Amino acid sequence: IAWHAREPRCGRTTLAFNLCVQVAAVGIVATDRRPRPVCLLIEGQLTDALGLDPAPLSDYTASHPSSADESVIDLAVRHPSGCELLCFGPDTLNGQRLRLLIPVLRRAYDLVVVEVSVGDRWLTDVAVETSDVSLLIARPTAASASAAAAWTDRAWERGLEGKLAIIINQTAAGQPVPGSLVSGLLHQAVVPDDRVVATNDLKGFPWVLRFE
């Protein structure tokens, strides 16, 4: 699953991390074992709170410019929930590096979640090509609607509309979602704004496991 932010501070990192925690902690009903998910997160406030260091993956990609092997799995940090985490700087991954890493990660893990840096068209295209689902993370704003429109057009042109979905995050009660934000998209979800998210992120705690 590739995660693409449609505007700054839309909650892409926290949603990606908490999805991995949920899968690891609760599992998948259709299986009789706990799945093994991994989450590739861009360096930032949440990764700092989780104690993740982008240097190991940066060093790995520098020493493996045209290949990838199972030794990258040894760099993953195991979270108490059971998911595994890799952290990378904003300039560590490009399209070629992601294309090399994904097959290795898919052999080792049941779920691979990747945050995709904004502004790198090549990386974005590779992420869409190699993922089963591309998630657009947006807020209920005109800025997000404008950014999502181009994605929708490209998805239909390339026959990828079925693997594209949008998550409208940080919505307030009674706040209308711009129609243009979801126009042409087959799959969508709305996530309410909750101060628990920011509080838990600062501590590096997964809010998805809280009952409420």
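The values are calculated or read from the model by the stated rules, or taken from the named source; none is laboratory data. Here the structure is a predicted model, which is why all the values come from computation and not from measurement. Note that we place each Cβ from the backbone using ideal geometry, even for glycine, and neighbour counts take in every protein chain shown. Note: accessible area is taken over every heavy atom of the protein model, side chains too, but ligands, DNA and RNA are not part of it. Shrake-Rupley method; radii C 1.70, N 1.55, O 1.52, S 1.80 Å.
Structural remarks
- Accessible area per residue for region 99-212 is 53 Å², calculated with a 1.4 Å probe on protein heavy atoms, without ligands, DNA or RNA.
- Residues of region 170-185 with amide N under 20 Å of a point placed 7 Å along Cα→Cβ from ALA149: 176-185
- The chain - Cys residues lacking any other Cys C-beta under 4.7 Å: CYS10, CYS87
- Per residue, region 1-97 exposes an accessible area of 46 Å² to a 1.4 Å probe, with every protein chain left in place.
- Summary: within the chain, the longest segment free of trypsin sites (Lys or Arg not before Pro) located in DSSP loops with at most 14 other C-beta atoms within 10 Å is 34-157.
- Theoretical ellipticity at 222 nm over the chain - DSSP helices of four or more residues, -39500 (n - 2.57) apiece, nearest 500: -11500 deg cm²/dmol
- Translational diffusion coefficient of the chain (Stokes-Einstein, Kirkwood radius from Cα pairs, 10 °C, 1.306 mPa s): 90 µm²/s.
- The mean sequence distance of close C-alpha pairs (under 8 Å, at least 6 residues apart), as a share of the length of the chain, puts its relative contact order at 27 percent.
- With distances taken between every two different alpha-carbon atoms, region 7-64 has a Kirkwood hydrodynamic radius of 13.4 Å.
- Share of carbon and sulfur in the accessible heavy-atom surface of region 115-212 [1.4 Å probe, %]: 58
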